[in-house]
Amino acid sequence: MTDFAARVEQVSISGIRKVFEAAGEDAINLGLGQPDFPTPAHARRGAIEAIESGRADAYTSNKGTPQLREAIAAKYDRDYGLEIDPDDVIATAGGSEALHITLQAHVDPGEEVIFPDPGFVSYDALTRIADGTPKPVGLREDLTLDPATVEEAITDETAAFVINSPANPTGAVQSEADMREFARIADEHDVLCISDEVYEHIVFNGEHHSPLQFAETDNVVALSACSKTYSMTGWRLGWVVASNRRIERMLRVHQYGQACASAPAQYAAEAALTGPQEQVEEMVETFEQRRDLVLDGLTDAGLEVPTPEGAFYAMPKVPEGWCEEVLDRGVVVVPGDAFGEHGAGYARLSYATGTEELKEALEIIDDATRAVR
Ligand code: PLP
């Protein structure tokens, strides 16, 4: 019988899409999860040159080209002082595939995966697709994840916990002390820490720390991507970094499911990682200015909102009926419960939108908030 597998029957299409579909054509979209900047010209050129010379015509090594993996390893040295063997890297189809192969390689049927709630929608869905049991845990008042909450949630059935800093949907950044704790928990409880670092470069104060820097065992898998840092969401290029034995298991999933990441995208990523980084700095500065604008606007409207320290999202607490009212007036925001049960009573606003549009949206939000109070 052509029945469907239980693992896909339990997963539904993301609630975020539904919000976009409900919005009018002229709506100001604060729902987007991608930077509103172009991909750096030198990254595009990397792909164009590879295509024109024919270098991008064929499969690459399953793990990705040696040059790209060297560029990724060099990045970890540059950013974190970590010595990564290029052989312990797999280039993937975005951070999404990185997450998928990590879970597929480490989660047995029924095993639990702990992740932040509200959190990125794929943690729950990809856990289910790996036949695992999702175990969402709530956040602190400031919307960071308390390592103690993770530690308390660990049972004999726990395969892994996912952390995400800077975070989608909250914009929260975990402190270095928290990252040290997550590494200790992974070491002491012998569970895998999956560190989703796709927003690692979009931090406004201080810098991002990775548990990879602090773990004493190989119980940390770090994943990242060009998607957010280089405004390359459409290119679909990410990676995982882990110990050789873990990479070898993840490669089995990647090799049969994907063969290799898209070759043109790999050449673009290599150029992005090895080329000038000024455009990233400029983007982060712009995001910080917009963050301040959004924070002021929301606070003036009387909403309570923890200060987002990274990514390009703000997550205010909102009254009942607020999201509908804002949407009716032509501003798209995503209701917090699209990111998990604990997200109810919040909304996610993305400020990957031009400053003028943001100002207009904030005025509408001000009126809408007064109307629902
Ligand atoms: N992780 C987080 C926290 C995200 O927000 C996203 C995309 O929105 C991803 C992973 C997936 O990134 P990619 O587009 O590289 O697959």
_Is there a quick way to get the dipole size of the chain? I mean about its Cα centre, with the Cβ of Lys and Arg at +1 and of Asp and Glu at -1; what is the value in debye to the nearest 20?_
1060 debye
*Within straight cross-link reach of K135, meaning Cα distance under 26 Å, which lysines are found once same-chain residues fewer than 8 apart are removed?*
K18, K317
*Roughly how many Å is it from the Cα centre of region 94-149 to that of region 250-317, as a whole number?*
20 Å
*Please identify every one of the trypsin sites (Lys or Arg not before Pro) in region 102-207 that sits in a loop by DSSP and has no more than 15 other beta carbons within 10 Å of its own beta carbon.*
R140
*Check every DSSP H run in the chain and write down those whose alpha carbon atoms cover 24 angstrom or more along the long axis and whose mean Kyte-Doolittle hydropathy is -0.5 or greater.*
355-372
*Can you list residues whose amide H is under 5 Å from T158's amide H, if they're 5+ apart or on another chain and H is modeled 1.01 Å from N?*
E112
*Could you pull out the GluC sites (Glu not before Pro) across region 72-137 that fall in loop regions by DSSP (anything but H, G, I, E, B) with no more than 10 other Cβ atoms inside 10 Å?*
E83
*Taking the simple approach of a point 7 Å from Cα along Cα-to-Cβ for both L82 and A41, what is their distance in nm?*
3.3 nm
*Difference of contour (0.36 nm per residue) and Cα-Cα distance, D366 to I13*: 124.0 nm
*asked:* Tell me which chymotrypsin sites (Phe, Trp or Tyr not before Pro) from region 56-117 have a DSSP coil assignment and no more than 16 other beta carbons within 10 Å of their own.
replied: Y59
_Estimated [θ] at 222 nm from DSSP helical runs (n ≥ 4, -39500 (n - 2.57)) normalised by residues in the chain, nearest 500_ = -13000 deg cm²/dmol
*Taking a spot 7 Å from the Cα of Q277 along the direction of its beta carbon, which residues of region 206-226 have an amide N less than 18 Å from it?*
206-213, 223-226
*Consider all pairwise Cα distances in the chain and report the whole-number % of them above 29 Å.*
41 percent
*Residues with amide H under 5 Å of V331's amide H, sequence separation 5 or more or different chain, H placed in the peptide plane at 1.01 Å from N; which?*
I28
*Any idea how far apart I51 and A5 come out in nm if each label point goes 7 Å out from Cα toward Cβ?*
3.3 nm
*asked:* Could you give the length gained by full extension between T307 and Y59, i.e. 0.36 nm per residue of separation minus their alpha carbon distance, to one decimal place?
replied: 84.8 nm
*asked:* For E25, project a label point 7 Å along Cα to C-beta. Then give me every residue of region 326-357 with its amide nitrogen under 13 Å of that point.
replied: none
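Laboratory data are not the source of any read-out in this text; all were calculated from the coordinates shown. This one's a predicted model, so the numbers in the text were calculated from it and none came from an experiment. Positions of Cβ are backbone-derived with ideal geometry, glycine not excepted, and every protein chain shown enters the neighbour counts.
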